[in-house]
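First up is the structure itself, then whatever we jot down about it.
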Amino acid sequence: MLFHKLSSTSLGIGYIGKGAGTVAAVACCICWYFAWAGDYPPLILAVSITIAITLLGVWSSSIVEKIWGKDPARVVIDEVAGMCIGLLFVPVSVKYVILALILFRFFDIVKPLFIRKMEELPSGWGIMMDDVLAGIYTNIIVNTVVWFKIF
């Protein structure tokens, strides 16, 4: 159970309380930036890490949900997975990482465009998929900004 508590809370970030999702997203951005600053991340590695985090999140959040209740606030691995999705295929620079963070948190908090509907999925899938969709929307917008060289 300790493994699932540590992974679902992103090594304990989820225990912070209010704002833990934002802290987890920021921590993900910092790690992503320092891993691949100034370049695109290696495609296969970045995609593999993102898929692994997402699947681990489904598994671990399904297990801790049984003891902590439905969609517990302590589970923040969903923010990490969603943030990774938001950063895929994006050049790693401060301006794009910050833009992705702002957009992702907007989509994650407001939950427009069917994001809220994803929470109805069962167990860990419902916990994770709203953030996965928020990450997809984030990624589309950030890549559009990059493609059209908006800034």
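The values are calculated or read from the model by the stated rules, or taken from the named source; none is laboratory data. Computed from a predicted structure; not experimentally measured. Counting neighbours? That spans all protein chains shown, and the Cβs are built from the backbone with ideal geometry, glycine included.
Here's the yes/no breakdown for (1) outside any loop (DSSP other than H, G, I, E, B); (2) of a type in the set (S, T, Y); (3) closer than 20 Å to V146 by Cα; (4) under 16 Å from the mean Cα position of the chain (by Cα):
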site: V23; (1), (2), (3), (4): yes, no, no, yes
site: G38; (1), (2), (3), (4): no, no, yes, no
site: S48; (1), (2), (3), (4): yes, yes, no, yes
site: I53; (1), (2), (3), (4): yes, no, no, yes
The residue from I63, I44 that alone is assigned to a helix (DSSP H, G or I), aliphatic (A, V, I, L, M) and more than 14 Å from I127 (Cβ to Cβ) is I44
Taking the stretch 20-75 and keeping only residues that are within 12 Å of V92 (Cα to Cα), out of contact with any Cys (no Cβ under 8 Å at 6 or more places or on another chain) and of a type outside the set (D, E), one is left with C29, I30, C31, Y33, F34, A35, W36, A37, G38, Y40, P41, P42
Reported set for the stretch 55-87 where residues are under 19 Å from I140 (Cβ atoms) and over 8 Å from the mean Cα position of the chain (by Cα) is L87
Selection over the stretch 94-118 where residues are closer than 17 Å to G14 by Cβ and surrounded by fewer than 16 Cβ atoms within 10 Å (Cβ to Cβ) yields a count of 1
Residue set D71, D39; condition within 17 Å of K5 (Cβ to Cβ) and at pLDDT below 95; output residue D71
Checked the stretch 22-48 for anything over 13 Å from I77 (Cβ atoms), β-branched (V, I, T) and without any contact (Cβ under 8 Å) to a residue 60 or more places away in the chain; matches are I30, I44, V47
Q) Taking the condition within 22 Å of I30 (Cβ to Cβ) and modelled with pLDDT of 95 or more, does V110 pass? A) no
Residue set G12, G19, G57; condition within 20 Å of D130 (Cβ to Cβ) and free of Cβ contacts under 8 Å to residues at least 60 places away in the same chain; output residue G19
Do the conditions hold for V80, that is, is it more than 14 Å from G124 (Cα to Cα), surrounded by 22 or more Cβ atoms within 10 Å (Cβ to Cβ) and either in contact with a Phe, Trp or Tyr (Cβ under 8 Å, 6 or more places away or on another chain) or of a type in the set (V, I, T) (or both)? yes
Among (1) part of a helix (DSSP H, G or I); (2) out of contact with any Leu (no Cβ under 9 Å at 6 or more places or on another chain); (3) surrounded by 20 or more Cβ atoms within 10 Å (Cβ to Cβ), V75 falls short only on (1)
